[in-house]
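Q: Handing you this structure, nothing more for now.
The values are calculated or read from the model by the stated rules, or taken from the named source; none is laboratory data. Please read all numbers here as calculations on a predicted model, not as lab measurements. Virtual Cβ from ideal backbone geometry, glycine too; neighbours counted across all protein chains shown. To get the accessible areas, we keep the full protein, side chains included, count just its heavy atoms, and leave off ligands, DNA and RNA. Shrake-Rupley method; radii C 1.70, N 1.55, O 1.52, S 1.80 Å.
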Amino acid sequence: MDISVIVPLYNEDESLPELSAWIDRVMNENKFTYEVIFVNDGSTDKSWDVIKSLAEKSEHVRGIKFRRNYGKSPALFCGFREAQGDVVITMDADLQDSPDEIPELYRMITKDGYDLVSGYKQKRYDPLSKTIPTKLFNATARKISGIKNLHDFNCGLKAYRKDVIKNIEVYGEMHRYIPYLAKNAGFDKIGEKVVHHQARKYGKSKFGLNRFFNGYLDLITLWFLSSFGRKPMHVFGFLGSLVFFIGFIAAFVIGADKLYCLANGIPQRLVTDSPYFFIALTMMIIGTQLFLAGFLGDLVSRSSSNRNDYQIEEELRCGK
């Protein structure tokens, strides 16, 4: 099969028939073999009834229905698990992503050799309250992830080589960082394509401003896990040792100064009357706690069942 199209959705019953017909037209014009997987993320409208109707009329349509709303990342995870196409395309169900982009995305994966191609909505039909935070968010994501050529990490229109989606785990709200997840899994041929962004035709956006705040928290989590997930002692142990050492030196200086004053008969207040003593003591306690956190984290990491789960691209055996 050439292409699997995965469409996560929540309360998009009005747009589904038009989207399905549009995808069918593009696929038939280009003679692709394909499947369309609609993932109904706990919709409360008639979305599932529409999907069942589409599946009855077309052998290419499949559906997955969640019992409740879990979010876009779980929807993509289940879609990835079921996808059979050599190239996997993801797009939103609100008709803001154009299926006309699919042939070029497919070509970039199969001919240009990209592992992942992310859409870039250069001209957006969104209010400033959405576009300005998006630009700041993407600039931060580029800086932290090191993927300098992507301008729109959160674009729903993306294309993947099948190996990519079978070797990454999308969980929580990490769908924003699939390129980063792919890079961490060893798929570093990541490209970008400027895509057409259409104004929403039906319904309303399901995302609020809180997604930007949550997005930053997720980005920090992903950065830490990718950098120190298998070696927490390297960061916590280092920071703990550094803080403890500074606190110890400070306490030593305070004690040495007190002894010098006593030896020379210089009046001096009690060590415990100095705020610096308690600052030094607090630093030593915090340093010890950080070191222990790193030690415990290392023990947990070493006992993990996937501690030696490495991405092997190819293997050669003797005589074969």
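Q: Using the Karplus equation 6.51 cos²θ - 1.76 cosθ + 1.60 (θ = phi - 60°), what ³J(HN,Hα) coupling, rounded to whole Hz, does each residue of the stretch 235-251 give in order, writing x for Gly and Pro?
A: 9, 5, x, 5, 4, x, 5, 5, 5, 4, 5, 4, x, 5, 4, 5, 5
Q: Which translational diffusion coefficient, to the nearest whole µm²/s, is obtained for the stretch 1-152 from the Stokes-Einstein equation, given a Kirkwood hydrodynamic radius over C-alpha pairs, 37 °C and 0.692 mPa s?
A: Roughly 198 µm²/s, to the nearest whole number.
Q: Report the antiparallel proportion of the DSSP beta bridges in the stretch 15-166 as a percent, rounded to a multiple of 5.
A: Numbers: 7 of 12 bridges.
Beta bridges within the stretch 15-166, antiparallel portion: roughly 60 percent.
Q: Using the Karplus equation 6.51 cos²θ - 1.76 cosθ + 1.60 (θ = phi - 60°), what ³J(HN,Hα) coupling, rounded to whole Hz, does each residue of the stretch 57-65 give in order, writing x for Gly and Pro?
A: 8, 9, 6, 8, 8, 10, x, 10, 10
Q: Do the alpha carbons of any pairs in Lys31/Lys158; Lys162/Lys193; Lys46/Lys111; Lys57/Lys189; Lys65/Lys135; Lys31/Lys193 sit beyond 28 Å of each other, and which pairs?
A: Lys46/Lys111; Lys57/Lys189; Lys65/Lys135
Q: So, counting K/R as plus one and D/E as minus one, what does the shell of residues with Cβ under 15 Å around Ala250 add up to?
A: Details: positive: Lys258; negative: Asp257.
That works out to 0.
Q: Let me ask something else about it. Heavy-atom accessible area per residue, the stretch 46-192, 1.4 Å probe: how many Å²?
A: That works out to 46 Å² for each residue.
Q: Still on this structure, please answer the following. Ratio to report: Rg/Rh of the stretch 255-305, with Cα atoms as the point set and Rh obtained by the Kirkwood method; give two decimals.
A: Result for the stretch 255-305 is an Rg/Rh of 1.37.
Q: Report ³J(HN,Hα) in whole Hz for each residue of the stretch 107-116, in order, from the Karplus equation J = 6.51 cos²θ - 1.76 cosθ + 1.60 where θ = phi - 60°; Gly and Pro get x.
A: So the Karplus estimates, Gly and Pro as x, are 5, 5, 6, 7, 9, 7, x, 6, 7, 8 Hz.
Q: Let me check I've understood the local charge: for Ser118, count other residues with C-beta under 10 angstrom from its C-beta, Lys and Arg +1, Asp and Glu -1. What total comes out?
A: Net charge around Ser118: 0.
Q: While we're here: According to the Cα gyration tensor, what semi-axes, each the square root of 5 times an eigenvalue, does the equivalent ellipsoid of the stretch 96-181 have, listed from largest to smallest in whole Å? Could you put the intermediate results ahead of the total?
A: Numbers: eigenvalues 95, 58, 28 Å².
With the √(5λ) rule applied to the stretch 96-181, the semi-axes are 22, 17, 12 Å.
Q: While we're here: Classify the stretch 1-90 from the C-alpha gyration tensor, please: rounded if a/c falls under 1.5, else prolate or oblate depending on whether a/b exceeds b/c.
A: Numbers: a/c = 2.17, a/b = 1.33, b/c = 1.63.
Cα axes put the stretch 1-90 in the oblate bin.
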